[in-house]
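Enquirer: Shown below is the structure under consideration.
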Amino acid sequence: MPRKTSTRAAQGAGTIRQRSDGRWEARYTVGRDPGTGKQIQKSVYGSTQQEVRRKLTEAVSALDSGSYFEPSKMTLGRWVEIWLNEYMGDKKYLTVKHYKAQCAAHIVPSLGAVKLSELTPPQIQAFYNGLQRSGLAAKSVRNIHGILTKCLSTAVQVGYLRNNPAERVTLPKITKKEICPLTDKQVKDFLQVSVGDEYETILKVILFTGLRESEAMGLTWDCVDFTNGTLKVCKQLQKRPLKDGGFVFAPLKNNKTRIIKPAPFVMQLLQHRRTEQAEQKLRAGNMWRGWINSEQRKTALVFTTDIGLNLSPQTLYNHYKKLAVQIGAPKSRVHDLRHTFAVLSLQNGDDVKTVQENLGHATAAFTLDVYGHVSERMKDESAARMEAYIGGLANL
């Protein structure tokens, strides 16, 4: 026979009753529906009347103080979907693409079924630990953490969460990969073996300016100032799927335009490239797909194929790898030319701030973190300078 239900006041706020299943329930009003004007009521439950009265008191107190919070019943998977579709307006194309890929591959399969309001730091910690055990690198785990943290922070901002559980976890320590700049001999050999290669000029420009591949491929003639000997780096050429536009100009990695003043050798390379491109246009005739007249040429790409099309990152990579093998650096990547420029700059006396600005790093601290430990020659020269100073003290 069902237990008789009872209803009674709870210290003047809400009502408490015992349900037919033996559990206790307290109902309270959190406000009125703005559309219908009807009261919005919520319930808390417990196994004893005392437990329910405590929960009711806490809820009413929170309502009185303005700190009341109604947990969301939405799953994390559903919130991730909303976040990716509606809150990416300030993000770059590749950033959004990366977020979607990581959410689909890792976050949603592991945590998507959990209710957003019930997601806990231990659950997230176990998720990260599982990623590591599966062989994912510490840096990748930290990247996933960054995405999840941003996602949950937005949930906090819009009122679906009281706080962000991803902020209370322990992250794996990243072991830095050793960078592999070319040695002086390899640089010398590279200058020799690259002569005559179709991609010789762009590779040498990257080596002696530190431009990223995409920045060099996106360099246009209006950004080359032969009078002042400077280059304006303000965009990159980005490869996207054809449905998203194919090759397009995109903002720089940190959205910050920079003006660099490379060695005169680089400007001479670009002068040669300008002449070479004009000759390519003449040879190509009707097959030419680049600029048509002098006005279009001002904003045309500096580095193109022999019929005026933009370069392919994969083809550039293939050409460099062939040359890298010849100089004894088979594992070297095009990006290692950028590393080589940074190391050469520091070795030859450039201050860190100048190197940072040339490379387009956000801070000098980041530049130091990446390159401050790579050059034994710098350490030897530092020791020699101090030795000379100490020796000079005897003459004072």
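Enquirer: List, in order, the whole-Hz ³J(HN,Hα) value for each residue of segment 291-306 obtained from phi through the Karplus relation with A = 6.51, B = -1.76, C = 1.60 and θ = phi - 60°; use x for Gly and Pro.
Expert: Going residue by residue, I get 5, 9, 9, 4, 5, 5, 5, 4, 10, 7, 5, 6, 9, 9, 6, 6 Hz, with x marking Gly and Pro.
Enquirer: What does the charge count around residue 141 come to, taking other residues whose C-beta lies under 11 Å from its C-beta (Lys +1, Arg +1, Asp -1, Glu -1)?
Expert: Values: positive: 133, 139, 142, 173; negative: none.
Net charge around residue 141: +4.
Enquirer: Between residue 388 and residue 280, 0.36 nm times their residue separation minus their Cα-Cα distance comes to what? It would help to have the intermediate numbers written out before the result.
Expert: Numbers: separation 108, 0.36 × 108 = 38.88 nm, distance 5.51 nm.
Contour length minus Cα-Cα distance gives 33.4 nm.
Enquirer: Would you grab the residues whose amide H sits under 5 Å from the one on residue 161? Only those 5+ places off in sequence or on another chain, please, with H modelled 1.01 Å from N.
Expert: Residues meeting the amide H criterion: 156.
Enquirer: For the pairs 243/321; 204/331; 91/321, note any where the Cα-Cα span goes beyond 28 Å.
Expert: Pairs exceeding the cut-off: 243/321; 91/321.
Enquirer: Just add up the charged neighbours of residue 308: K/R +1, D/E -1, any other residue whose Cβ is under 10 Å from the Cβ of residue 308.
Expert: +1
Enquirer: Assuming 0.36 nm per residue, please report the length gained on full extension of the stretch residue 133 to residue 307 beyond their Cα-Cα distance. Walk me through the intermediate numbers first.
Expert: Values: separation 174, 0.36 × 174 = 62.64 nm, distance 4.99 nm.
Between residue 133 and residue 307, full extension yields 57.7 nm more.
Enquirer: Residues with amide H under 5 Å of residue 300's amide H, sequence separation 5 or more or different chain, H placed in the peptide plane at 1.01 Å from N; which?
Expert: Residues meeting the criterion, in which the H sits 1.01 Å from N, are 221, 222.
Enquirer: I've got another one for you. Which value, in Å², gives the accessible area per residue of segment 289-396 when a 1.4 Å probe is used on the protein heavy atoms?
Expert: 57 Å²
Enquirer: Could the peptides 386-395, 116-125 be put in order, highest first, of the mean number of other beta-carbon atoms found within 10 Å of their residues?
Expert: 116-125, 386-395
Enquirer: Once the Cα atoms of helix 200-209 and of the chain are each reduced to a long axis, what angle between those two axes, in degrees from 0 to 90 to the nearest 10, is obtained?
Expert: 70 degrees
Enquirer: Given a Förster radius of 25 Å and the C-beta distance between residue 173 and residue 105 as r, what FRET efficiency does 1/(1 + (r/R0)^6) yield to the nearest 0.05?
Expert: 0.65
Enquirer: What FRET efficiency would be calculated for the residue pair residue 94, residue 287, taking the C-beta separation as r and a Förster radius of 22 Å, to the nearest 0.05?
Expert: 0.10
Enquirer: For the pair residue 61 and residue 19, what calculated FRET efficiency results from E = 1/(1 + (r/R0)^6), where r is the Cβ-Cβ distance and R0 = 30 Å, to the nearest 0.05?
Expert: 0.80
The values are calculated or read from the model by the stated rules, or taken from the named source; none is laboratory data. What you see is a predicted model; the values in this text were computed from it and never measured. Quick reminder, even Gly has a Cβ in these numbers, built from the backbone with ideal geometry, and neighbours come from all protein chains shown. What goes into the accessible areas is simple: the full protein's heavy atoms, side chains included, and nothing from ligands, DNA or RNA. Shrake-Rupley method; radii C 1.70, N 1.55, O 1.52, S 1.80 Å.
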